[in-house]
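These notes are about the structure you will find just below.
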Amino acid sequence: MAVVLLCSISGAPGTTTTALGLSLQWPRPVVLADCDRDAPQAITGGYLGGQGDGRGLTTLMQAARLHSSIRGGLLEHTQRLDLDGRRLFLPGFRHPSASAIFSSWAQVAEEFSDLHHRGMDVLVDAGRVGPAGLPTELVRRADQVLVVTRSTLRCLVALSAHLPTLLDQVESLSAACEVGLAVVGPGRPYSNAEVSAQFGVPVALSVDWAPDHAAVLSDAADPPRRFDTSAYLTSLVKAAHGLQRRLGTRLAHRDPVAPLAVHPLTTHGSTR
């Protein structure tokens, strides 16, 4: 079991697309949770082509208010990302104001952690870090925090200004998670080694720069030729398997659920 929290510092570095791409290639059953407090509905409006049945964080919030507990009920508010149901999606808030009155982050975070009893991992798209950091309980329950960034000077300058806030938050909570960087487009112009050395934070994964290919995930665009064997998709497969393997090794002493042998699916296995 692992809970991976993806977030961003600067605008639109590719956090949601990366989270979705990792989920579609994740080698275990996984839940992708849209916990972006700005309520962009990027996956519902993009990859899923606007298809949704109303379930998500909003209905989960309503259930928490009605019953005072959502214990064991999170999966009832998800929808499938693939035909087999091994990849599920928890849609985010439908209105930006909803996150301001949402007081059940602790319950949601506990549900994420408890999904290991079902042999599932959780990838959380947390959106931008913000001046106050990320929701405390999500950080407390995370096993890995990934800050998504491009390798451009503009993104890295923003990272230098705001990354200390997140690192201080993790340290102040004595959280067990590791903080790493997810670089979208390494070498444009700075390499992973240069980025890691600059910030003293490891690059946990990187994804190739391929806007036309990424648009298949972000905007449900038609796949370019040889998409399934492209360097972009290969980088997502490598990133997903490498991260899950490292997390599995690190958490093996406290996670009794053995990894499942699930073959990675391409985006053509989705339900959109």
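The values are calculated or read from the model by the stated rules, or taken from the named source; none is laboratory data. What you see is a predicted model; the values in this text were computed from it and never measured. With ideal geometry, Cβ positions are generated from the backbone for all residues, glycine too; neighbour counts draw on all protein chains shown.
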Subset of segment 44-81, residues buried (at least 16 other Cβ atoms within 10 Å of the Cβ), touching a Ser or Thr at 6+ places or on another chain (Cβ under 6 Å) and of a type outside the set (A, V, I, L, M), comes to G46, G52, H77
Going by the structure shown, is P135 in contact (Cβ under 8 Å) with a residue 60 or more places away in the chain and out of contact with any strand residue (DSSP E or B) (no Cβ under 7 Å at 6 or more places or on another chain)?
yes
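Which of the following residues is under 28 Å from G85 (Cβ atoms), crowded, with 17+ Cβ neighbours inside 10 Å and either basic (K, R) or in contact with a strand residue (DSSP E or B) (Cβ under 7 Å, 6 or more places away or on another chain) (or both): L181, L159, L115, L163? Please lay out each step first, then the result.
Working: L181 fails: under 28 Å from G85 (Cβ atoms); L159 fails: under 28 Å from G85 (Cβ atoms); L163 fails: under 28 Å from G85 (Cβ atoms).
Step by step, each of L181, L159, L115, L163 is checked, and only L115 is under 28 Å from G85 (Cβ atoms), crowded, with 17+ Cβ neighbours inside 10 Å and either basic (K, R) or in contact with a strand residue (DSSP E or B) (Cβ under 7 Å, 6 or more places away or on another chain) (or both).
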Considering only segment 140-156, how many residues are surrounded by 17 or more Cβ atoms within 10 Å (Cβ to Cβ) and over 13 Å from the mean Cα position of the chain (by Cα)?
7
Within segment 14-22, identify whether any single residue is modelled with pLDDT under 95 and at negative phi, and answer yes or no.
no
Based on this model, can you work out whether V195 counts as of a type in the set (V, I, T) and either assigned to a loop (DSSP other than H, G, I, E, B) or over 20 Å from A240 (Cα atoms) (or both)?
yes
Those residues of segment 216-246 which are assigned to a helix (DSSP H, G or I), of a type in the set (A, V, I, L, M), out of contact with any helix residue (DSSP H, G or I) (no Cβ under 7 Å at 6 or more places or on another chain) and over 14 Å from V184 (Cα atoms) amount to L243
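Take the residues in segment 84-105 that are exposed (fewer than 15 other Cβ atoms within 10 Å of the Cβ) and either among the acidic types (D, E) or closer than 21 Å to S69 by Cβ (or both), then tell me which one is modelled with the highest pLDDT. Steps first, answer last, please.
At the first step, the residues of segment 84-105 found to be exposed (fewer than 15 other Cβ atoms within 10 Å of the Cβ) are 84-85, 95-97, 100-101, 103.
Next cut, either among the acidic types (D, E) or closer than 21 Å to S69 by Cβ (or both) only: 84, 101, 103.
On the way: D84: 89, I101: 79, S103: 76.
In this case the residue turns out to be D84.
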Can you confirm whether E171 is farther than 15 Å from T16 by Cα and either touching a Phe, Trp or Tyr at 6+ places or on another chain (Cβ under 8 Å) or free of Cβ contacts under 8 Å to residues at least 12 places away in the same chain (or both)?
yes
